[in-house]
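Notes follow the structure.
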Amino acid sequence: LIIVVLLGAMVGPHFVDWGRHRALVESHLSEMAGHPVRVDGPIALTLLPTPSLSLDQVRVGEMNAEGKPLLTAERVQAALAPMAL
């Protein structure tokens, strides 16, 4: 049973279309950043071996007079790792 659960946690996220949850991801990121966040590229999430989130083509902030956002990034990757003991 444990092996099946671990296998599901490893393989399951690859079958989820995270792009369908784009609005939810953007709203949470906007709330944390304090500025509007837009993700134009693919969104990827993995749970094992380390929980990680990868976002492509990210824009933070409103367009200024020059038509540019506050911050742009080709790729943003975040991972949760346990602290060293």
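The values are calculated or read from the model by the stated rules, or taken from the named source; none is laboratory data. Since we're looking at a predicted model, the values are computed, not measured. Virtual Cβ from ideal backbone geometry, glycine too; neighbours counted across all protein chains shown. Surface areas here come from the heavy atoms of the whole protein model, side chains and all, with no ligands, DNA or RNA. Shrake-Rupley method; radii C 1.70, N 1.55, O 1.52, S 1.80 Å.
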Condition check: assigned to a helix (DSSP H, G or I) and open to solvent by 80 Å² or more (accessible area, probe 1.4 Å). Does Val4 satisfy that?
yes
Within the stretch 2-25, is there a residue that is under 21 Å from Ala81 (Cβ atoms), small (Gly, Ala, Ser) and either in contact with a His (Cβ under 9 Å, 6 or more places away or on another chain) or modelled with pLDDT of 95 or more (or both)?
no
State which residue is least open to solvent (accessible area, probe 1.4 Å) when the search covers only the stretch 40-70 and only residues that are at negative phi, polar (S, T, N, Q) and not in a loop (DSSP other than H, G, I, E, B).
Ser54
Of residues in the stretch 50-69 being aliphatic (A, V, I, L, M) and under 30 Å from Val16 (Cβ atoms), the one modelled with the lowest pLDDT
Leu53
Within the stretch 72-83, of all residues that are open to solvent by less than 100 Å² (accessible area, probe 1.4 Å) and of a type in the set (A, V, I, L, M, F, W, C), the one modelled with the lowest pLDDT is Ala81
